[in-house]
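Data first, discussion second: the structure below is written as structure tokens.
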Amino acid sequence: MANLTLVQAINLALVQEMEKDDRVLILGEDVGLNGGVFRVTDGLFKRFGGDRIVDTPLAESGIIGTSIGLAMAGLRPVPEIQFEGFLGPAYDQICSHAARMRTRTRGAFTVPLTIRVPVGGGIHAPELHSDSPEAIYAHQPGLKVVMPASPYDAKGLLISAIRDPDPVIFFEPKRIYRAFREEVPEDEYTVPIGKARVVCEGDDLTIVSWGASVVQCMQAIERSSASIELIDMRTIYPFDIDAVEESVSKTGRCVIVHEAPRTCGFGAEIATQIMERCFLQLEAPVQRVAGFDTIMPYYKLENDYLPDADRIELAIQEIGAY
Amino acid sequence: MPITKVLEAQIDHVSILDEHGNFDESLGKGLIPDEDLIKLYGHMVICRLLDEVAFKLQRSGRMGTYPQNMGQEAPSLGAAYALETTDWMVTCYRENCGLFWRGLPMEKILQHWMGDERGNDIPRELHATPIAVPIGTQMLHATGLAWAAKYRGEKRVACTFFGDGATSEGDFHEAMNFAANLDIPVVFFCQNNQWAISVPGKIQCSAPTVAQRGFAYGMDCLRCDGNDIFAVVHCMNKAIASGRDNKRPTFIEAVTYRLGDHTTADDARRYRDAEEVELWKARDPITRIKAFMKSRKIWDDSKQAELEEHADEAVSAAVKRAEGIEAPNKEDFFNWMYAELPEQLVVQRDTMRTSSIGQDPSQIESPQASQQS
Ligand SMILES: Cc1ncc(C[n+]2csc(CCOP(=O)(O)OP(=O)(O)O)c2C)c(N)n1
Ligand SMILES: [Mg+2]
């Protein structure tokens, strides 16, 4: 066991999968000698060489489009898109091809591809370096969407993603890349895609969240005297509604927290399914503490945009008083 | 004859004032009058100083990530000098010097990198678009802007700036294809600084020149020493004339070098040799003009001292203005979203909440209690 940051845990997962399986290769902008702009692929170029850690031309559609071809040929490409804001040029390849290949060829071709993408705000970055587009990709049938909130989960989920037979978008919350450390086993293990994690148990209220917001939720819970259950979804699609149902059926109250804009955020889908499954157990309307329906502001105002412990705490009090 | 040659290409490289001080009189004479050269030089010196100061601001936590322009002052400046103020400048982030020449207040650039959107509120009369963050996208906008000018029968052109890395993006190729095939007067100005963060130019373009990408689309293309402001102006004059008179686009590759890190978040020592940087320091666009002006006896040490004093004042004043701007109002990130704000956004703005009870506390409080609070 080693005490690792999220970046180190991802790096370890990449190293181990590459050592085990020579079909795995990494491609993207600056992933080689530079080790990626967040240093997630640090040391890999030296270790595995330029055939397996490939600095590509600056073209996201190219990165994903060629990755689709590599995957169709039976390899396991792990492309990196430098920031979530630059998924745009790759959108067509992701949604028009990667997501549809299996079904439209009835399995003749598949795309076992893992797209790694740093995501989210809170690091004082420039424009288009702080967004949260997970719901956009969850809305595209044919993709799996993952977002770990801890080093342990990051390693286990990334290994699952790389071994998964279908395309996975693996969002890495950059705000917690180095925010804290956690014991991460050296040995190989997986965390299943599609399973949530109960971070702490409680009876009065359920908070459902994912990504860096999980940290803000824990801060708010610490301040509260209520008995709160926190669920980290870990996977956005396919999502673990059973875990949510079980918890909300017990507590009767639920606050959903995410950085992405509220309207059509993934919280909307979860809230709907809670309504469908737990209608008679609900004591209060499900609350969403989310980003506003605006463009993510430049960093001077980003803290006014992002859901923080204060806003979560207010929601906890209000839903409790309902 | 079963095989015939259908195409032969030639790409010209223009150099007028080289790094050793050689000056080509036939091309350079009268190109930039002395008094203009002095002004251009002053701009470069101020711009360089701003870069140094901005770097320190970032390191001391007074500014966010900042991309230095160091070493690349001449390309955008030469271009801005050759353009009219009514011509569009469609930039990314290494065109500070040209934008300042155009008249953009320096504090606007600082404000942008200090994380304040109002830095993008560019005076309309400057005909300059805000810094484009997604690489390789803005050339299409330039093509649309120039198209609009042509549509209206105006003689304007649009000049769009981008790096060598940007020439790998699909949008760049679409812009070139549109402009060439629809006769749109765009100047595609590539600042080939030979690096895209850590990725060397040969990964973006394995052909001997980037300029020939323009040729492939059927437009005129020129390559020049980007650190030679005379060469830049020479190429721009040709491109602008072709745009104004014949509505034809031109591709210009200005060969230059990024002397600093990619941004303050980068450490170039990880991926490039110090020797290469030293080589390019010797080709610095600023020292080159200074030596030239001295050799022409239009510059001396006392003028230099005066300029440096002026530069100090100008840059500190800009920093002071940038830091003195009152903090942005959080309502602003709502208020500018639409011409007319949808009701739901009005509620979000006025409550700064997204939860339903948070937006309507009367659901839990007695009306009386909410009146008191
Ligand atoms: C679409 C997109 N992908 C990736 C990035 C991240 N990024 C910012 S600058 C840069 C390199 C740009 O290189 P180049 O076009 O040569 O311009 P230079 O920085 O050298 O001036 C990259 C990859 C981005 N801003 N936009
Ligand atoms: Mg470059």
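Meeting the requirement of 1 or more residues that are small (G, A, S) and assigned by TED's automatic domain parsing to the domain that holds A:G291, the strands (runs of 3 or more DSSP E) wholly within the range A:125-214 are A:205-209. Scanning the range A:22-41 for residues that are among the acidic types (D, E) and surrounded by fewer than 17 Cβ atoms within 10 Å (Cβ to Cβ) returns a single hit, A:D22.
Residue check: B:K5 meets all listed conditions (1) assigned to a loop (DSSP other than H, G, I, E, B); (2) within 24 Å of B:A282 (Cα to Cα) but one, namely (2). Name the residues in the range A:40-79 that are within 16 Å of ligand 1 (Cβ to nearest atom), over 20 Å from B:A166 (Cβ atoms) and of a type in the set (D, E, K, R), would you? Across the range A:40-79, there are no qualifying residues. Taking the conditions (1) more than 20 Å from B:I325 (Cα to Cα); (2) of a type in the set (V, I, T); (3) away from ligand 2 (no atom under 16 Å from the Cβ) in turn, B:I135 satisfies each one other than (3). Only one entry in A:E269, A:E276, A:E313 is in the same structural domain as A:I236 (by TED's automatic domain parsing) and either within 19 Å of B:M352 (Cβ to Cβ) or of a type in the set (A, V, I, L, M) (or both), namely A:E313. For the range B:146-162, check the following and say yes or no: at least one residue is within 16 Å of ligand 1 (Cβ to nearest atom), within 14 Å of chain A (Cβ to nearest Cβ) and under 20 Å from B:T91 (Cα atoms). Taking every residue of the range B:146-162 in turn, at least one turns out to be within 16 Å of ligand 1 (Cβ to nearest atom), within 14 Å of chain A (Cβ to nearest Cβ) and under 20 Å from B:T91 (Cα atoms). Elements of the type helices (runs of 4 or more DSSP H) sitting completely within the range A:1-73 and holding at least 3 residues that are touching an Asp or Glu at 6+ places or on another chain (Cβ under 9 Å) and within 14 Å of chain B (Cβ to nearest Cβ): these cover A:60-72. Could you check, for the range B:215-232, whether at least one of its residues is buried (at least 23 other Cβ atoms within 10 Å of the Cβ), within 22 Å of B:Q72 (Cβ to Cβ), of a type in the set (D, E) and away from chain A (no Cβ under 14 Å)? Yes, the range B:215-232 contains at least one residue that is buried (at least 23 other Cβ atoms within 10 Å of the Cβ), within 22 Å of B:Q72 (Cβ to Cβ), of a type in the set (D, E) and away from chain A (no Cβ under 14 Å). Restricting the range A:286-322 to residues that are outside any loop (DSSP other than H, G, I, E, B) and among the hydroxyl-bearing types (S, T, Y) leaves a set whose member that is nearest to the other protein chains (Cβ to nearest Cβ) is A:Y299. Looking only at residues in the range B:70-99 that are of a type in the set (F, W, Y) and either within 18 Å of B:I252 (Cβ to Cβ) or more than 10 Å from the chain's Cα centre (by Cα) (or both), the one that is surrounded by the fewest Cβ atoms within 10 Å (Cβ to Cβ) is B:Y81. Please tell me if B:E169 is within 14 Å of chain A (Cβ to nearest Cβ), farther than 16 Å from B:Q72 by Cβ and more than 16 Å from ligand 2 (Cβ to nearest atom). No, not satisfied.
Scan the range B:141-155 for residues that are among the small types (G, A, S) and over 21 Å from the mean Cα position of the chain (by Cα) and the total you get is 3. Among all residues of the range B:212-221, there is none that is more than 18 Å from B:T143 (Cβ to Cβ), of a type outside the set (A, V, I, L, M, F, W, C) and within 16 Å of ligand 2 (Cβ to nearest atom). Of note, B:A322 does not satisfy the criterion of being exposed (fewer than 13 other Cβ atoms within 10 Å of the Cβ), within 14 Å of chain A (Cβ to nearest Cβ) and on the phi < 0 side of the Ramachandran plot. Looking only at the range B:167-177, how many residues end up being over 18 Å from B:L222 (Cβ atoms), in contact (Cβ under 8 Å) with a residue 40 or more places away in the chain and near ligand 1 (Cβ under 9 Å from one of its atoms)? Residues meeting the conditions: 0.
Residues that are more than 7 Å from ligand 2 (Cβ to nearest atom) and polar (S, T, N, Q) within the range B:193-210 comprise B:S198, B:Q204, B:S206, B:T209, listed in sequence order. Could you tell me whether B:D36 is within 19 Å of B:S76 (Cβ to Cβ), among the acidic types (D, E) and in the same structural domain as B:D267 (by TED's automatic domain parsing)? Criteria met by B:D36. Residues of the range B:178-206 that are aliphatic (A, V, I, L, M), away from ligand 1 (no atom under 16 Å from the Cβ) and either free of Cβ contacts under 8 Å to residues at least 60 places away in the same chain or within 14 Å of chain A (Cβ to nearest Cβ) (or both): B:L182 alone. Filter the range B:52-85 down to the residues that are in a loop (DSSP other than H, G, I, E, B), within 14 Å of chain A (Cβ to nearest Cβ) and aliphatic (A, V, I, L, M) and list them by number. Correct list: B:M63 only.
The values are calculated or read from the model by the stated rules, or taken from the named source; none is laboratory data. None of these values were measured; they are calculated from a predicted model. All Cβ positions, even for glycine, are placed from backbone atoms using ideal geometry, and neighbour counts span all protein chains on display.
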